[in-house]
Amino acid sequence: GGGGGEGVEAGQAERDGGDGCSDATASVQLEIRFECASDESWAAAGHEVAFAQFPLALPPWLTTGASLATAASVDSPVTHSQSESSGTRSITISSGVMAHDLHVRANGVTFGFDMRTGLLASVKNRAGEELMGAPFEFNFWRAPTDNDSGGVEFMGRWAWVLPPGLGLGIKILPLLPNWMTRSIDYIAGGLGLDPIGRNVSYRTVWKKEGWHNLLASSATARVEHSPDGSVVVRASLSMVDPASGAERAACEATTHICKHGHAWVRAQADVRSPLPSIARVGLRLGVSKALSTCSWLGRGPHENYEDRKLGARVGIHSLSAEQMHTPYIVPGENGLRTGVQWLAMANEVGSGLLFTGVPEMKVSVSPFADEQLTAALHDHELVAEESLCVCLDNQHMGVGGDDSWSQSVLSEYRVRAGTYAWAVGVSILEGGDEPDRVAQSALLAAPAWVSSLARRASKIL
């Protein structure tokens, strides 16, 4: 076979205009492909045998430029029906039909909030068309995979052929509280014995802590006004296990709506759990079914996870929302794409929504919500939801698979307790818009904290 190298540029350059505001982001990849130089008995000439990509530092001519936005502090409150003008653009705030509804209109785009949670619940384009199908919410659960469900629970069916003591232990172990299995492992470690708690599946330990059923509690929200005319909606809430009342995550969301018609959501989650890993840390929302064409800058086109992604190219990919879902016979977590800088969802004429991630996101789009995927035993039981389920993750646990009877995900691909911070830009697409250019525009107009998030690791130890 023969090989060759080719430099592949994806997206725009990362720049900082020097005023504290973030500009465009991008990646430049060196791609090396190995192809058959001539016909072989098993493949034709030109067949790709292997490839590899290597991220390159951006050259100076791609790292300079002036920002379109000015950093602004947020200090004074704003009241309903107040309008702030800046040039030809203005931001108008008004109440909705319900007392808890708040609408912010910027450059013809209307962003709606449910002030009971303070989270973004609606985006309408300049034609007044609703693009969302369900509000933003913090998301920490995934429908368990076969590997997530593998553990001594699976071996329970064979307990009758095992020695009585071992068979009984296999049946009892998954029923013990998480603190008790940790105590047993601690004692076993002191005696030089192998831990047994890790043989209980992730599915079981997650459910014991209520991660599959968290409720938002103690939510507060307020609206503020920035000197440059931007509007900020701040929210804080606790994600609580309803069975025990324990707080599993303390969350904050700050949505900054700029006069250019872009919104930026700064999300932060303080995850509190002694488990070796939870499933994910991210945001979830519903998007109109009309926006059924998905394109993204990141790894693809097929699904990929942090511990199985090198076979997925970094580039701009496009699939239908239906193709973004991987139809496993036994439904579970599926369809993730990693290293995503932006995700565009559009209708047949190219109008829709664009989500820009800082740092890079892990995203999935599916006709089915995690609740359905968790409950179903076979894929024929799934029924499409009223809107597309979109997950925008900052962290997502690997899928493992070294074995199927223990918590086999390697340490570097786990999601541990700690504080996570990330940002998601929300912009509209109009027919003919190039998502990459709209993402650049959103980053140029972003508040200063977006650029600071881009410069540091998303997890704060």
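The values are calculated or read from the model by the stated rules, or taken from the named source; none is laboratory data. Model, not experiment: these values are computed from the prediction. Please note: Cβ atoms are built from the backbone with ideal geometry, for glycine as well, and neighbour counts cover all protein chains shown. The accessibility values were calculated without ligands, DNA or RNA, using every heavy atom of the protein model including side chains. Shrake-Rupley method; radii C 1.70, N 1.55, O 1.52, S 1.80 Å.
Can you confirm whether Gly18 is within 28 Å of Leu453 (Cα to Cα), exposed (fewer than 12 other Cβ atoms within 10 Å of the Cβ) and at pLDDT below 50?
It is true that Gly18 is within 28 Å of Leu453 (Cα to Cα), exposed (fewer than 12 other Cβ atoms within 10 Å of the Cβ) and at pLDDT below 50.
If you take the residues of the range 364-387 that are small (Gly, Ala, Ser) and outside any helix (DSSP H, G or I), which of them is most open to solvent (accessible area, probe 1.4 Å)?
Only one residue tops the list, namely Ala384.
Given the condition farther than 25 Å from Glu209 by Cα, touching a strand residue (DSSP E or B) at 6+ places or on another chain (Cβ under 8 Å), modelled with pLDDT of 75 or more and basic (Lys, Arg), answer yes or no: does some residue in the range 112-123 qualify?
Scanning the range 112-123, I find at least one residue that is farther than 25 Å from Glu209 by Cα, touching a strand residue (DSSP E or B) at 6+ places or on another chain (Cβ under 8 Å), modelled with pLDDT of 75 or more and basic (Lys, Arg), so the answer is yes.
Restricting to the range 312-321, what's the tally of residues that are farther than 12 Å from Thr338 by Cα and either open to solvent by 50 Å² or more (accessible area, probe 1.4 Å) or of a type in the set (Phe, Trp, Tyr) (or both)?
Residues that pass the stated criteria total 2.
If Gly400 meets every condition in (1) in a loop (DSSP other than H, G, I, E, B); (2) open to solvent by 30 Å² or more (accessible area, probe 1.4 Å); (3) farther than 28 Å from Met345 by Cα apart from one, which number is that one?
For Gly400, the exception is condition (2).
Only one of Gly357, Gly335, Gly350 is in a loop (DSSP other than H, G, I, E, B) and within 13 Å of the chain's Cα centre (by Cα); which?
Selected residue: Gly335, the only one of Gly357, Gly335, Gly350 that is in a loop (DSSP other than H, G, I, E, B) and within 13 Å of the chain's Cα centre (by Cα).
Identify, please: which residue in the range 180-237 is β-branched (Val, Ile, Thr) and closer than 30 Å to Glu153 by Cβ and is, among those, modelled with the lowest pLDDT?
Ile196
Which members of the range 92-110 meet the condition of being among the small types (Gly, Ala, Ser), assigned to a strand (DSSP E or B) and surrounded by 14 or more Cβ atoms within 10 Å (Cβ to Cβ)?
Residues satisfying the conditions are Ser94, Ala106.
Being over 23 Å from Pro327 (Cβ atoms) and surrounded by fewer than 19 Cβ atoms within 10 Å (Cβ to Cβ) is the filter; apply it to the range 269-308 and report the residue that is farthest from the chain's Cα centre (by Cα).
Only one residue tops the list, namely Pro274.
Quick check on Ser441: is it at pLDDT below 95, surrounded by 17 or more Cβ atoms within 10 Å (Cβ to Cβ) and assigned to a loop (DSSP other than H, G, I, E, B)?
No: the conditions fail for Ser441.
May I ask you to list the residues in the range 329-353 that are closer than 12 Å to Val390 by Cβ and either in contact with a helix residue (DSSP H, G or I) (Cβ under 7 Å, 6 or more places away or on another chain) or open to solvent by 10 Å² or more (accessible area, probe 1.4 Å) (or both)?
Those that are closer than 12 Å to Val390 by Cβ and either in contact with a helix residue (DSSP H, G or I) (Cβ under 7 Å, 6 or more places away or on another chain) or open to solvent by 10 Å² or more (accessible area, probe 1.4 Å) (or both): Gly335, Ala344.
Restricting attention to the range 218-236, and to residues there that are over 17 Å from Thr92 (Cβ atoms) and out of contact with any Pro (no Cβ under 9 Å at 6 or more places or on another chain), which single residue is surrounded by the most Cβ atoms within 10 Å (Cβ to Cβ)?
So, considering only residues that are over 17 Å from Thr92 (Cβ atoms) and out of contact with any Pro (no Cβ under 9 Å at 6 or more places or on another chain), the one surrounded by the most Cβ atoms within 10 Å (Cβ to Cβ) is Ala235.
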